[in-house]
1. Mind telling me which of the residues 406, 421 ends up being among the basic types (Lys, Arg) and closer than 26 Å to residue 273 by Cα?
2. Could you pull out the residue among 172, 160, 156 that is crowded, with 22+ Cβ neighbours inside 10 Å, within 16 Å of the ligand (Cβ to nearest atom) and not hydroxyl-bearing (Ser, Thr, Tyr)?
3. Just checking, does segment 311-333 include any residue being open to solvent by 20 Å² or more (accessible area, probe 1.4 Å), assigned to a helix (DSSP H, G or I) and within 16 Å of the ligand (Cβ to nearest atom)?
4. Which residue is farthest from residue 1 (Cα to Cα), if the candidates are limited to segment 181-207 and must be open to solvent by less than 20 Å² (accessible area, probe 1.4 Å) and under 23 Å from the mean Cα position of the chain (by Cα)?
5. If a residue must be open to solvent by 40 Å² or more (accessible area, probe 1.4 Å), within 11 Å of the ligand (Cβ to nearest atom) and at pLDDT below 95, how many such residues does segment 24-75 contain?
6. Checking the structure you have, find out if any residue of segment 132-153 is within 11 Å of the ligand (Cβ to nearest atom) and surrounded by 19 or more Cβ atoms within 10 Å (Cβ to Cβ).
7. Give segment 98-109 a look and list any residue that's open to solvent by 20 Å² or more (accessible area, probe 1.4 Å), more than 13 Å from residue 43 (Cβ to Cβ) and either among the acidic types (Asp, Glu) or within 9 Å of the ligand (Cβ to nearest atom) (or both), or say none.
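The values are calculated or read from the model by the stated rules, or taken from the named source; none is laboratory data. Remember, it's a predicted structure, so these values are computed and weren't measured experimentally. Glycine also receives a Cβ, built like all others from the backbone with ideal geometry; neighbour counts cover every protein chain displayed. The accessibility values were calculated without ligands, DNA or RNA, using every heavy atom of the protein model including side chains. Shrake-Rupley method; radii C 1.70, N 1.55, O 1.52, S 1.80 Å.
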Amino acid sequence: MQVLASRIQSRSALVGVIGQGYVGLPLALVFAEAGFRVVGFDVDAAKVSVLTRGECYIKHIDPERVRSAVASGTYHATSDFDRLSDCDAVIICVPTPLGVHREPDNSFIHATARQIAKRLRPGQLVVLESTTYPGTTEGEVLPILLESGLKCPDEFLLAFSPEREDPGRRNFTTKNTPKLVGGINATSTQIAAALYGACLERVVEVSHARVAESAKLLENIFRSVNIALVNELKMILDRMGIDVWEVIRAAETKPFGFMPFYPGPGLGGHCIPLDPFYLSWKAAERGEWARFIELAGEINSRMPRYVIERVGHALNQDSKALKGARVLVLGLAYKANIDDDRESPSYEMLELLREAGAHVDYCDPFFPVMPKTRKHDLGLRSVACAPDTFARYDVLVVSTGHDCFRSAELYAGARLVVDTRNIFPALFPGGGGPRVVKA
Ligand SMILES: NC(=O)c1ccc[n+]([C@@H]2O[C@H](COP(=O)([O-])OP(=O)(O)OC[C@H]3O[C@@H](n4cnc5c(N)ncnc54)[C@H](O)[C@@H]3O)[C@@H](O)[C@H]2O)c1
């Protein structure tokens, strides 16, 4: 493994990153920018051809980074998995979705491990980054890699290092977010830490891959549970006529022992709505019940339905029914100012509104055409983000707090708004504007 260590140190190691999505692409670019040669592998030929042209298909990544990495020859994308045998380090960033019954789906990890095993050669390091339950790296990836006939740590190394990407965040990027690394043995930890240490600002070694796997889940469960807590408080305080947003602002003034979380129309993104269930599923295998995870999931997944109930109630006060009402949902992305719609609660709200007989549209400049997702296919196109368009609807439902929705003029002709993101108090600080119901 001395050869691998010195290739990492001299940055002559070839780094392969499997999966060029929200996690894998920025990671590949960070390695390329640190002076490594990088191969980005993906099964999606369309993504590979965009990246090969030096273009970027993820809006919040600066396209200039892809252009210059391709132009300098430090990065290239491919679907040719035979190139895996050229790589000194192979990092796996493939999806880990949930099945229809919320059961973990590690099939992408298994398929990728098999691709690597077929070509594994002595002196290689394999790192899993995909979020998964504790024990996956050692219990599922290792046995597949051992089918190569090679031994770990004598002939190859294996570690887990979770990704902490937060799409759209500017102050913490792949490069300056501390990176946890845990190998299935000490040599794997040490060499994987050296690899990441060559391009990231801070690497934190833990005693084993299973600790790193668990730490990632703790981070996401922490968010899911706390978001569920404020969502529940929102519903309770609303019944008491108290504004949860003002309560959070007040509690936030405590300089210790409190951390604000904000309510919303439901969880979105690739991580928080899905990852906690990887642990609850695994816990059941040991006869344990992850009650906080299940309860948070129940509350958070109820949120889109709660918002639609509030829309119906608000229309009722105008002597209108949801059936036949013209409803515009503002925002398809799961969070502000990004083009990521994965698990976005806007889809469920649009479907619930349609089911109730409303005429629905959406507005989101990040999605001119509504993508067909695994679960939803509504076949809509975004309407214009303009005052005369907004004025045509009986009610506007703010689902995403995009900056483009934060302009008072847009709502000049609007009558009723259901605001799940609390954007309206700042738009009309002195009062005025449409009737606003918080949800
Ligand atoms: N997006 C985030 O913010 C985030 C943050 C932390 C962790 N994660 C975790 O990172 C992992 C990847 O997430 P992502 O957001 O990058 O997903 P993504 O869907 O954006 O990207 C995954 C990529 O892998 C490709 N792919 C699928 N199967 C493949 C295979 N067999 N070989 C090669 N490529 C394959 C897909 O075409 C896609 O481009 C997941 O486990 C996720 O939970 C994501």
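1. Values: 406 fails: closer than 26 Å to residue 273 by Cα.
Matching residue, one of 406, 421: 421.
2. Details: 172 fails: crowded, with 22+ Cβ neighbours inside 10 Å; 156 fails: within 16 Å of the ligand (Cβ to nearest atom).
After applying the criteria, what remains is 160.
3. no
4. Only one residue fits best here, namely 200.
5. Number satisfying all stated conditions: 2.
6. Narrowing segment 132-153 to residues within 11 Å of the ligand (Cβ to nearest atom): 132, 136.
So of that shortlist, the ones also surrounded by 19 or more Cβ atoms within 10 Å (Cβ to Cβ) come out as 132, 136.
Yes.
7. 103, 105, listed by residue number.
Residues checked against (1) closer than 21 Å to residue 226 by Cβ; (2) of a type in the set (Ser, Thr, Tyr):
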residue: 273; (1), (2): yes, no
residue: 282; (1), (2): no, no
residue: 288; (1), (2): no, no
residue: 293; (1), (2): yes, no
residue: 319; (1), (2): no, yes
residue: 341; (1), (2): no, no
residue: 348; (1), (2): no, no
residue: 353; (1), (2): no, no
